[in-house]
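Peer 1: What follows is a single structure, and I will ask about it in a moment.
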Amino acid sequence: MAPSLIKRQLLRARNGTAYAAGLIRPDVARTPRDLVWRRETARLWRYRSEERRHRTPILLVHSLVSKSYILDLLPGNSMVEFLRDEGFDVFLLDWEPAGPADAENTLETYADDLIPLAIAATCADAGAEEVTLVGYCYAGVLVLLTAATRDDLPIRNLVTLTTPCDYRELGFMTKMFLEGRLDPEDVIDDTGLVPAAIMDAGFQSIKPTDQAVQQWNLWQNLWSDRRLESYLAVNNWARDQVPFPGAAFRQTIDVLIRDNAMCTGVVPLNGGEAELRRIRRPYLNVFCKDDTIVPAPSAAPLEGLVGSRDATELCLESGHIGLVAGRYAAEVGRPAIADWIRRHSANRKTATAKGRKRARHPAGAAAG
Amino acid sequence: MLERDAFMDVLALTWKVQRGAVRRVGSAASRGLRLLGVSTRADTVELVNQVAGLQREVRALRRELETR
């Protein structure tokens with residue numbers, strides 16, 4: 001039960017003082033894990049578990065544009081913890097923030113080099129023959145490019161979470177580049193990186209009123225320690241951007257945004273072409289109806305572009321963050337994703353079921 | 001409002017003018033400071049980029065060793 005009005009004001013005064021003094025810092029990413037492989041900025045973590053019931057490990061690949069703790073936000077509100085408790089062997093491919101030495105990293109560096117190496121390291125560490133490869137947000141693009149160009153890799157299933165495909169649907173941020181108002185060189189700094197502050201400004205520009213709304217939300221949550229911790233964890237993450245390698249940024253603008261190559265199904269890569277129709281593995285495309293960062297119309301075309309006979313679309317009634325954290329994620333999003341992976345990790349027969357599926361947000365409706 | 005052409009044009013132009021102005025002022029300040037024998041931000045950036053280039057060479061050599 002919520003405390004009385006007076007008690008709430010006193011709690012607000014106490015927590016507000018602590019917040020203003022910088023004494024409240026949510027303790028994020030607490031699920032126990034071990035570093036099992038590293039290369040340049042790539043870090044492969046394996047989450048400790050006493051009860052791994054599924055043979056095919058899950059390799060979560062995090063986006064290059066944010067920090068990975070959104071996937072392991074707080075105990076009880078963590079994608080990683082949920083999947084682990086469902087009996088999966090969970091690995092996370094995380095990226096250290098890019099430095100000047102990474103400025104020349106291209107999409108190939110990630111899709112054709114670091115991700116394949118991480119898949120091999122995952123199989124070696126887990127003693128598994130195949131992995132379920134999951135890409136979150138921009139990492140979804142990378143894992144799709146990996147799967148489209150590397151038939152030889154032991155990828156059993158492919159899952160993309162809120163992954164942009166049609167860049168014309170991304171709104172203000174891409175329109176600034178799409179129509180040539182800005183060029184990559186206008187935002188790349190002298191060390192060859194897009195600074196974190198510019199990435200942050202870009203994301204803030206999607207919802208310019210958000211900062212004012214967040215102040216109100218902060219006031220609403222300030223009296224409760226638990227609510228305040230969740231609020232700060234999510235909001236700190238939303239502003240906690242990382243620098244982006246300049247070379248990959250140029251490719252993103254020229255190929256993905258201006259040529260809208262993902263939407264055509266053919267992306268120039270490594271001197272050749274990555275054709276999405278060459279992806280034959282079971283595929284799950286998860287996106288969110290209320291997502292303002294990657295709107296549903298941007299992510300939705302992916303299911304029709306891959307060549308998999310077992311391609312499933314799952315549209316959830318949440319926003320970008322609500323897919324992996326929060327009450328809706330706990331009740332609907334995470335169980336539906338885990339259910340699809342479980343069914344497709346069971347045996348070969350279920351993994352090659354025929355026909356395309358569409359699901360609209362009920363838990364478990366994305367069954368293949 | 002945000003996605004109106006005129007607004008985006010003005011925003012992009014403002015950004016470019018601001019960035020150009022900062023660069024020109026920085027460049028002029030660097031020339032002045034160099035005359036006084038003081039190291040500048042441009043010198044630091046150059047050094048950072050040299051170190052980054054070396055790091056990339058080390059990475060390339062490591063990869064070459066691994067493939068042998």
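Peer 1: Is there a residue in the stretch B:1-21 that is away from chain A (no Cβ under 12 Å), acidic (Asp, Glu) and loosely packed, with under 11 Cβ neighbours inside 10 Å?
Peer 2: So in the stretch B:1-21, the residues away from chain A (no Cβ under 12 Å) come out as B:21.
Subsequent filtering for residues that are acidic (Asp, Glu) retains none.
Within the stretch B:1-21, none of the residues are away from chain A (no Cβ under 12 Å), acidic (Asp, Glu) and loosely packed, with under 11 Cβ neighbours inside 10 Å.
Peer 1: Restricting to the stretch A:139-173, and then to whatever is within 14 Å of chain B (Cβ to nearest Cβ) and either among the charged types (D, E, K, R) or at negative phi (or both), can you tell me which residue is surrounded by the fewest Cβ atoms within 10 Å (Cβ to Cβ)? It would help to see each step written out before you state the result.
Peer 2: Of the residues in the stretch A:139-173, the ones within 14 Å of chain B (Cβ to nearest Cβ) are A:168-173.
Retained after the next criterion (residues that are either among the charged types (D, E, K, R) or at negative phi (or both)): A:168-170, A:172-173.
On the way: A:ARG168: 13, A:GLU169: 18, A:LEU170: 22, A:PHE172: 16, A:MET173: 19.
It comes out as A:ARG168.
Peer 1: Scanning for something under 25 Å from A:VAL332 (Cα atoms) and in a loop (DSSP other than H, G, I, E, B), does the stretch A:8-22 turn up at least one residue?
Peer 2: Of all residues in the stretch A:8-22, those under 25 Å from A:VAL332 (Cα atoms) come to none.
There is no residue in the stretch A:8-22 that is under 25 Å from A:VAL332 (Cα atoms) and in a loop (DSSP other than H, G, I, E, B).
Peer 1: Further, regarding this structure: Scanning for something more than 23 Å from A:VAL80 (Cβ to Cβ) and assigned to a helix (DSSP H, G or I), does the stretch A:305-324 turn up at least one residue?
Peer 2: Checked against the condition, which is being more than 23 Å from A:VAL80 (Cβ to Cβ) and assigned to a helix (DSSP H, G or I), the stretch A:305-324 yields at least one hit.
Peer 1: Sticking with this one: Is it the case that the stretch B:33-40 has a residue that's loosely packed, with under 11 Cβ neighbours inside 10 Å, modelled with pLDDT under 95 and within 11 Å of chain A (Cβ to nearest Cβ)?
Peer 2: No, the stretch B:33-40 has no match at all.
Peer 1: I've got another one for you. Do the conditions hold for A:ARG53, that is, is it of a type in the set (Lys, Arg), in a helix (DSSP H, G or I) and more than 18 Å from A:ALA124 (Cβ to Cβ)? Quick ask: steps written out before the conclusion?
Peer 2: On the way: of a type in the set (Lys, Arg): yes; in a helix (DSSP H, G or I): no; more than 18 Å from A:ALA124 (Cβ to Cβ): yes.
Against the criterion (of a type in the set (Lys, Arg), in a helix (DSSP H, G or I) and more than 18 Å from A:ALA124 (Cβ to Cβ)), A:ARG53 does not qualify.
Peer 1: May I ask you to list the residues in the stretch A:71-93 that are surrounded by fewer than 23 Cβ atoms within 10 Å (Cβ to Cβ) and either touching a Cys at 6+ places or on another chain (Cβ under 9 Å) or not in a helix (DSSP H, G or I) (or both)?
Peer 2: Those that are surrounded by fewer than 23 Cβ atoms within 10 Å (Cβ to Cβ) and either touching a Cys at 6+ places or on another chain (Cβ under 9 Å) or not in a helix (DSSP H, G or I) (or both): A:LEU74, A:PRO75, A:GLY76, A:ASN77, A:GLU86, A:GLY87.
Peer 1: Pull up the stretch A:180-198, narrow it to residues that are more than 9 Å from every other protein chain (Cβ to nearest Cβ) and assigned to a helix (DSSP H, G or I), then point me to the one that is farthest from A:VAL134 (Cα to Cα).
Peer 2: A:GLU185
Peer 1: Need pairs with beta-carbon distance below 8 Å; first residue acidic (Asp, Glu) and within the stretch A:47-73, second modelled with pLDDT of 95 or more; sequence gap 6+ or separate chains.
Peer 2: A:GLU51/A:GLY87; A:ASP72/A:THR31; A:ASP72/A:SER78; A:ASP72/A:MET79; A:ASP72/A:VAL80; A:ASP72/A:GLU81; A:ASP72/A:LEU92
Peer 1: For the stretch A:146-179, which positions are assigned to a loop (DSSP other than H, G, I, E, B) and without any contact (Cβ under 8 Å) to a residue 60 or more places away in the chain? Let's see the steps before the verdict.
Peer 2: Initially, the stretch A:146-179 is screened for residues assigned to a loop (DSSP other than H, G, I, E, B), giving A:150-154, A:162-166, A:170-171, A:179.
A:ARG150, A:ASP152, A:LEU153, A:PRO154, A:GLU179 - these are the residues of the stretch A:146-179 that are assigned to a loop (DSSP other than H, G, I, E, B) and without any contact (Cβ under 8 Å) to a residue 60 or more places away in the chain.
Peer 1: Out of all the residues in the stretch A:243-270, which are in a loop (DSSP other than H, G, I, E, B) and touching an Asp or Glu at 6+ places or on another chain (Cβ under 9 Å)?
Peer 2: A:PRO243, A:ASN260, A:GLY265, A:ASN270
Peer 1: Another one. Any idea which of (1) within 13 Å of chain B (Cβ to nearest Cβ); (2) touching a Lys or Arg at 6+ places or on another chain (Cβ under 8 Å); (3) not acidic (Asp, Glu) is the one A:VAL242 doesn't satisfy?
Peer 2: The one condition A:VAL242 does not meet is (1).
Peer 1: In the stretch A:96-118, what residues are among the acidic types (Asp, Glu) and more than 11 Å from A:ARG39 (Cβ to Cβ)?
Peer 2: Residues of the stretch A:96-118 among the acidic types (Asp, Glu): A:96, A:102, A:104, A:108, A:112-113.
The answer is A:ASP102, A:GLU104, A:GLU108, A:ASP112.
Peer 1: Among the residues of the stretch A:1-46, count how many are of a type in the set (Phe, Trp, Tyr) and under 30 Å from B:ALA52 (Cα atoms). Give the steps one after another, and end with the answer.
Peer 2: In the first step, residues of the stretch A:1-46 are kept if they are of a type in the set (Phe, Trp, Tyr); the result is A:19, A:37, A:45.
Next, from what is left, pick out any that are under 30 Å from B:ALA52 (Cα atoms): A:37, A:45.
Final tally of qualifying residues: 2.
Peer 1: Does the stretch A:199-220 contain at least one residue that is more than 18 Å from the chain's Cα centre (by Cα), within 11 Å of chain B (Cβ to nearest Cβ) and within 23 Å of A:ALA98 (Cα to Cα)?
Peer 2: There is at least one residue in the stretch A:199-220 that is more than 18 Å from the chain's Cα centre (by Cα), within 11 Å of chain B (Cβ to nearest Cβ) and within 23 Å of A:ALA98 (Cα to Cα).
Peer 1: Can you name the residue in the stretch A:324-342 that is basic (Lys, Arg) and out of contact with any Leu (no Cβ under 8 Å at 6 or more places or on another chain) and is also modelled with the highest pLDDT among such residues?
Peer 2: First, pick out the residues of the stretch A:324-342 that are basic (Lys, Arg): A:327, A:334, A:342.
Now restrict to residues that are out of contact with any Leu (no Cβ under 8 Å at 6 or more places or on another chain): A:327, A:342.
On the way: A:ARG327: 90, A:ARG342: 96.
Per the criteria, the residue is A:ARG342.
Peer 1: Within the stretch A:111-145, work out how many residues are assigned to a strand (DSSP E or B) and either of a type outside the set (Ser, Thr, Tyr) or within 18 Å of A:VAL267 (Cα to Cα) (or both). Step through it out loud before you land on a result.
Peer 2: Within the stretch A:111-145, the subset assigned to a strand (DSSP E or B) is A:131-136.
With either of a type outside the set (Ser, Thr, Tyr) or within 18 Å of A:VAL267 (Cα to Cα) (or both) added as a condition, the list becomes A:131, A:133-135.
Summing the residues that are assigned to a strand (DSSP E or B) and either of a type outside the set (Ser, Thr, Tyr) or within 18 Å of A:VAL267 (Cα to Cα) (or both) in the stretch A:111-145 gives 4.
Peer 1: Where the second residue is charged (D, E, K, R) and outside any helix (DSSP H, G or I) and the first is touching a residue at least 24 places away in the same chain (Cβ under 8 Å) and lies in the stretch A:190-204, which pairs have Cβ atoms under 9 Å and are six or more apart or on separate chains?
Peer 2: Pairs that qualify, where the first residue is touching a residue at least 24 places away in the same chain (Cβ under 8 Å) and the partner is charged (D, E, K, R) and outside any helix (DSSP H, G or I), are A:GLY192/A:GLU104; A:PRO195/A:ASP189; A:ALA196/A:ASP240; A:ASP200/A:ASP240.
The values are calculated or read from the model by the stated rules, or taken from the named source; none is laboratory data. Quantities reported herein were computed from a predicted structural model and do not represent experimental measurements. Please note: Cβ atoms are built from the backbone with ideal geometry, for glycine as well, and neighbour counts cover all protein chains shown.
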